[in-house]
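Have a look at the structure below, then the notes.
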Amino acid sequence: MRVLIDTNVILDVLLNRLEFLEFSAAVLKRLWERQFRGYVAATTLTNIYFIVRRATRNTEEAMTAVDKTLQWCAVAPVNRRVLDAARFADMKDFEDAVQAAAAKNAGIDIVVTRDKTGFLDSGLRVYSPEEFVEAMK
């Protein structure tokens, strides 16, 4: 099973966001146990770097966050075809549209995100971390 993991789920774990940590960490635990193959869109890596650097004010910690993400997940490429598909997708948020288009281009049909509304028009099966953990049981 190939699953795109949205940026917010990865950041929950990397930044120890206590409010969301339980289920986001459970998703990544299943990934580490190789219960599924995890992916991130290439753009997710730059977003993770930017957000972790801003939150921690530490460039080294931000790069470590990128390194960890690359250890955990494969990368769904973002190229002109993906960007064009995202641009003309019937989705409200361009960042989510890019991730959805990258997922489709990589043959992924599931996304795990805390912001399900952002992906409702993506044509992907969308799960919250809690729903995904429950479905994996």
Can you tell me how many residues in region 49-63 are under 17 Å from the mean Cα position of the chain (by Cα) and not aliphatic (A, V, I, L, M)? 2
Give all pairs with beta carbons closer than 7 Å in which a residue from region 59-74 that is surrounded by 15 or more Cβ atoms within 10 Å (Cβ to Cβ) meets a residue that is modelled with pLDDT of 95 or more and not in a helix (DSSP H, G or I); count only pairs at least 6 apart in sequence or on separate chains. 69/40; 72/38; 73/5; 73/38; 73/39; 73/40
When you scan region 70-91, do you find a residue that is under 18 Å from residue 11 (Cβ atoms), charged (D, E, K, R) and out of contact with any Phe, Trp or Tyr (no Cβ under 8 Å at 6 or more places or on another chain), even just one? no
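Residue by residue, here is whether (1) among the aromatic types (Phe, Trp, Tyr); (2) within 18 Å of residue 130 (Cα to Cα); (3) touching a Pro at 6+ places or on another chain (Cβ under 8 Å) holds:
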| residue | (1), (2), (3) |
| --- | --- |
| 7 | no, yes, no |
| 20 | yes, yes, yes |
| 26 | no, yes, yes |
| 43 | no, no, no |
| 57 | no, no, no |
| 61 | no, no, no |
| 69 | no, no, no |
| 91 | no, no, no |
Going residue by residue through region 17-26, is there one that turns out to be within 27 Å of residue 123 (Cβ to Cβ), part of a helix (DSSP H, G or I) and of a type in the set (D, E, K, R)? no
Residue that is farthest from the chain's Cα centre (by Cα) [pool: residues in region 114-137 that are surrounded by 23 or more Cβ atoms within 10 Å (Cβ to Cβ) and under 20 Å from residue 13 (Cα atoms)]: 132
Can you name the condition, by its number, that residue 97 falls short on among (1) part of a loop (DSSP other than H, G, I, E, B); (2) aliphatic (A, V, I, L, M); (3) in contact with a Lys or Arg (Cβ under 8 Å, 6 or more places away or on another chain)? (1)
Which residues, taken from region 27-62, are under 14 Å from residue 112 (Cα atoms), in a helix (DSSP H, G or I) and touching a strand residue (DSSP E or B) at 6+ places or on another chain (Cβ under 6 Å)? 27, 31
Please name all residue pairs, on different chains or six or more residues apart, with Cβ atoms under 7 Å, provided the first residue is in region 114-137 and is within 18 Å of residue 91 (Cα to Cα) and assigned to a helix (DSSP H, G or I) and the second residue is among the β-branched types (Val, Ile, Thr) and modelled with pLDDT of 95 or more. 116/126; 119/111; 119/113; 119/126
Checked pairs for region 23-34, first under 12 Å from residue 136 (Cα atoms), second not small (Gly, Ala, Ser) and not in a helix (DSSP H, G or I), C-beta under 7 Å and 6 or more apart or across chains, list as 27/5; 27/112; 30/36
Residue, farthest from residue 101 (Cα to Cα), within region 1-44, restricted to residues that are of a type in the set (S, T, N, Q) and surrounded by 14 or more Cβ atoms within 10 Å (Cβ to Cβ): 24
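The values are calculated or read from the model by the stated rules, or taken from the named source; none is laboratory data. The structure displayed is predicted, hence computed values, not measured ones. No Cβ is skipped: glycine too gets one built from the backbone with ideal geometry, and neighbour counts run over all protein chains shown.
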